[in-house]
1. Taking segment 76-105, which residues are within 12 Å of the ligand (Cβ to nearest atom) and either farther than 24 Å from Ser40 by Cβ or not hydrophobic (A, V, I, L, M, F, W, C) (or both)?
2. Take Val75 and decide whether it is touching a residue at least 40 places away in the same chain (Cβ under 8 Å) and open to solvent by less than 10 Å² (accessible area, probe 1.4 Å).
3. For the structure I just gave you, tell me whether Ala127 is within 22 Å of Pro37 (Cα to Cα) and in a helix (DSSP H, G or I).
4. I'd like to know if segment 119-135 contains one or more residues that are in contact with a Ser or Thr (Cβ under 9 Å, 6 or more places away or on another chain) and open to solvent by 20 Å² or more (accessible area, probe 1.4 Å).
5. Quick check on Val140: is it touching a residue at least 40 places away in the same chain (Cβ under 8 Å) and assigned to a helix (DSSP H, G or I)?
6. Please state which one of Arg34, Arg19, Arg56 is under 14 Å from the mean Cα position of the chain (by Cα) and among the basic types (Lys, Arg).
7. So which of Ala61, Ala88 is farther than 16 Å from Trp118 by Cβ, out of contact with any Gly (no Cβ under 7 Å at 6 or more places or on another chain) and either of a type in the set (Ser, Thr, Tyr) or assigned to a helix (DSSP H, G or I) (or both)?
8. May I ask you to verify whether Arg157 is more than 16 Å from the ligand (Cβ to nearest atom), open to solvent by 50 Å² or more (accessible area, probe 1.4 Å), of a type in the set (D, E, K, R) and assigned to a loop (DSSP other than H, G, I, E, B)?
Amino acid sequence: MDFFDVVENRYSCRAYLDRPVEEEKLEKIMEAARLAPSASNRQEWRFIAVTDSEKRKKLAAIAHDQQFVAEAPVVIAACAVTDNHVMACGQPCYPINVAIALEHVALAATALGLATCWIGAFKEEPAKKLLGVPADVRIVELMALGYPADKLRPKSRLSLDEIFTRQEWQG
Ligand SMILES: Cc1cc2nc3c(=O)[nH]c(=O)nc-3n(C[C@H](O)[C@H](O)[C@H](O)COP(=O)(O)O)c2cc1C
């Protein structure tokens, strides 16, 4: 799939087939995460692929009872080993770095015929306890991954004119 087709075809999938993700595909997807850029090449990201169905059920409960989280054959916990470094621009490093890598996951999965959904609606502390994540490590986001049982929807987005200007801010 051409890059722009991948971008068009990525969507938030909230229904998954009961079909495992092949190990080779999972590794290819995680390799795409590994190659992501990060500020000062900090690579704070660490990823846990959860396939155990009991754990996925518990994650669904922790994720505001979003049932597709239990349905997806893989749930990726995107973690950060971080010293809370803040860049000169004032923005914290680790959520940006982890988010870039996680979107590589979403795009790589799409290119391989899989689907994903970002999951920000979850409680971090119980998720850390469930997955044995140390106290000083953050879980930044979860992501459901699997073969889709639903279809790509038209995207609801602002127009390019509303989000893009040249030379200066236009309010
Ligand atoms: C950081 C982040 C957190 C999100 N959290 C959730 C979530 O908890 N549950 C959910 O169903 N969708 C979640 N989404 C998906 C968004 O709702 C979705 O990306 C947006 O509505 C655009 O739709 P699309 O991804 O299908 O293009 C999240 C997306 C992002 C980027």
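The values are calculated or read from the model by the stated rules, or taken from the named source; none is laboratory data. Bear in mind that the values here come from a model prediction, so they are computed numbers and not experimental data. Counting neighbours? That spans all protein chains shown, and the Cβs are built from the backbone with ideal geometry, glycine included. Heads up: the accessible areas ignore ligands, DNA and RNA and are worked out on the full protein's heavy atoms, side chains in. Shrake-Rupley method; radii C 1.70, N 1.55, O 1.52, S 1.80 Å.
1. Hits for segment 76-105 are Pro95, Glu103.
2. On the way: touching a residue at least 40 places away in the same chain (Cβ under 8 Å): yes; open to solvent by less than 10 Å² (accessible area, probe 1.4 Å): yes.
Considered against the rule, which asks whether it is touching a residue at least 40 places away in the same chain (Cβ under 8 Å) and open to solvent by less than 10 Å² (accessible area, probe 1.4 Å), Val75 comes out as yes.
3. Values: within 22 Å of Pro37 (Cα to Cα): no; in a helix (DSSP H, G or I): yes.
The answer is no for Ala127.
4. Looking only at segment 119-135, we keep the residues that are in contact with a Ser or Thr (Cβ under 9 Å, 6 or more places away or on another chain), and these are none.
Checked segment 119-135: no residue is in contact with a Ser or Thr (Cβ under 9 Å, 6 or more places away or on another chain) and open to solvent by 20 Å² or more (accessible area, probe 1.4 Å).
5. On the way: touching a residue at least 40 places away in the same chain (Cβ under 8 Å): yes; assigned to a helix (DSSP H, G or I): no.
Here the answer is no, as Val140 does not meet what is asked.
6. Details: Arg19 fails: under 14 Å from the mean Cα position of the chain (by Cα); Arg56 fails: under 14 Å from the mean Cα position of the chain (by Cα).
Selected residue: Arg34, the only one of Arg34, Arg19, Arg56 that is under 14 Å from the mean Cα position of the chain (by Cα) and among the basic types (Lys, Arg).
7. Residue meeting the stated conditions: Ala61.
8. Working: more than 16 Å from the ligand (Cβ to nearest atom): no; open to solvent by 50 Å² or more (accessible area, probe 1.4 Å): yes; of a type in the set (D, E, K, R): yes; assigned to a loop (DSSP other than H, G, I, E, B): yes.
Spelling it out, it is not the case that Arg157 is more than 16 Å from the ligand (Cβ to nearest atom), open to solvent by 50 Å² or more (accessible area, probe 1.4 Å), of a type in the set (D, E, K, R) and assigned to a loop (DSSP other than H, G, I, E, B).
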